[in-house]
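The values are calculated or read from the model by the stated rules, or taken from the named source; none is laboratory data. Owing to the predicted nature of the structure, the values given are computational and were not obtained by experimental measurement. Every residue, glycine as well, gets a Cβ built from its backbone with ideal geometry; the counts of neighbours run over all protein chains shown.
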Amino acid sequence: MSETTETIDPADQVPDYQSLMLPVLRAAGQGEIRIGDLIVQLANILGLSEAARTVLLASGRQTVFANRVHWAKTYLAKAGLVEATRRGHFRITARGEEVMATPPDRIDNRFLARFEEFRAFTDRGIAPAPEAPSGEEIVSVATEATPDEIMRAAHRRVETALAEDLLDRVRAAPPDFFERLIVNLLLAMGYGGSAVEAGRALGRSGDDGVDGVIDQDELGLDRVYIQAKRYAAGNSVSSGAIRDFFGSLDRHKAAKGLFVTTSSFTASARDTAEYLSKRIVLIDGGQLTKLMIRHNVGCRIEEVLYVKKVDEDFFE
């Protein structure tokens with residue numbers, strides 16, 4: 001009997017930023033240290049795998065581990081336990097040395113809340129959690145995420161709600177709206193030439209089992225045949241519909257097709273599409289809304305939030 005192994009997300013192997021506070025302070029107690037060197041040093045001490053060291057934030061500009069080390073250092077600084085010395089370097093303070101004289105088992109937001117400067121910092125930027133203790137410990141202890149991660153998680157929740165709203169509206173719209181939606185989406189993705197040409201190409205509804213065809217180039221040398229099914233939630237596309245579409249592609253001597261639905265595909269439908277001799281790409285409702293959001297089809301940018309950081313060059 002074969003054993004199945006569960007795939008572990010590399011990001012789950014990275015300690016949360018509060019768990020990194022004590023190691024960061026301990027390293028600072030050895031003398032002035034560069035944050036970049038500390039990141040490498042802590043990764044080695046913790047025995048992080050290469051995947052865990054290199055997994056990136058959603059922005060793609062910084063690793064998750066580096067981001068959490070930076071936030072651990074920032075929170076320690078807000079509590080007055082470490083201080084910046086020069087660009088990219090910091091060291092432990094007298095207060096930090098007092099803490100490390102009898103080091104606690106763990107340093108986290110709850111521990112740092114004993115310092116007035118940290119409480120003032122959290123009052124300005126972080127609301128206490130409902131289960132946070134009263135009195136001096138007013139800092140949020142409900143989450144292990146950094147502010148960067150909280151912000152991106154909130155963004156994902158906003159996009160999830162948007163995707164659900166988009167899908168509901170597409171399902172409730174008239175049938176010809178779905179066709180226009182596919183035209184606009186494919187145009188936004190770089191297919192179809194002009195809107196007039198794309199609309200005409202997709203206007204061949206019911207043409208021998210194919211709902212439309214769109215050119216991949218201006219001369220129409222390479223074409224993608226399309227099947228569109230505007231189904232309600234729970235009405236999944238079966239393998240039979242995939243085989244029927246395959247037969248239509250064969251009659252048109254087409255090499256590839258795109259099957260779009262507002263619902264989902266059964267497991268057998270996906271298996272059928274995978275093993276047929278022609279390339280058939282399946283786009284379900286979830287993927288459809290992701291593409292709409294990515295290419296600004298049916299939605300628009302409401303507000304842009306700029307995340308700023310200190311300009312080190314300015315202060316030098």
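Structure data summary
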item	result
Given (1) touching a strand residue (DSSP E or B) at 6+ places or on another chain (Cβ under 9 Å); (2) in contact (Cβ under 8 Å) with a residue 40 or more places away in the chain; (3) in a loop (DSSP other than H, G, I, E, B), index of the condition ALA233 fails	(1)
Search result, residues across the stretch 153-192 that are of a type in the set (Asp, Glu) and more than 18 Å from LYS229 (Cβ to Cβ)	GLU159, GLU164, ASP165
Selected residue (only one of ALA101, ALA58 is surrounded by fewer than 21 Cβ atoms within 10 Å (Cβ to Cβ) and in contact with a His (Cβ under 9 Å, 6 or more places away or on another chain))	ALA58
Neighbours by Cβ (under 6 Å, 6+ apart or cross-chain): first from the stretch 59-86, free of Cβ contacts under 8 Å to residues at least 12 places away in the same chain; second part of a strand (DSSP E or B) and among the aromatic types (Phe, Trp, Tyr)	ALA84/PHE90
Helices (runs of 4 or more DSSP H) wholly inside the stretch 54-114 that include at least 1 residues being in the same structural domain as ALA43 (by TED's automatic domain parsing), aliphatic (A, V, I, L, M) and under 34 Å from the mean Cα position of the chain (by Cα)	64-78, 109-112
Of all residues in the stretch 264-316 being small (Gly, Ala, Ser) and either touching a helix residue (DSSP H, G or I) at 6+ places or on another chain (Cβ under 6 Å) or not assigned by TED's automatic domain parsing to the domain that holds VAL237 (or both), the one that is nearest to TYR231 (Cα to Cα)	GLY285
Checklist (1) closer than 30 Å to LEU162 by Cα; (2) at pLDDT below 95; (3) surrounded by 13 or more Cβ atoms within 10 Å (Cβ to Cβ); (4) of a type in the set (Ser, Thr, Tyr) applied to SER248, failing item	(1)
Some residue of the stretch 186-205 being closer than 20 Å to LYS290 by Cβ, in a helix (DSSP H, G or I), in the same structural domain as GLY247 (by TED's automatic domain parsing) and modelled with pLDDT under 85	no
Of all residues in the stretch 82-99 being touching a strand residue (DSSP E or B) at 6+ places or on another chain (Cβ under 7 Å) and hydrophobic (A, V, I, L, M, F, W, C), the one that is modelled with the lowest pLDDT	ALA84
Residue check for ARG106: closer than 19 Å to HIS70 by Cα and modelled with pLDDT of 85 or more	yes
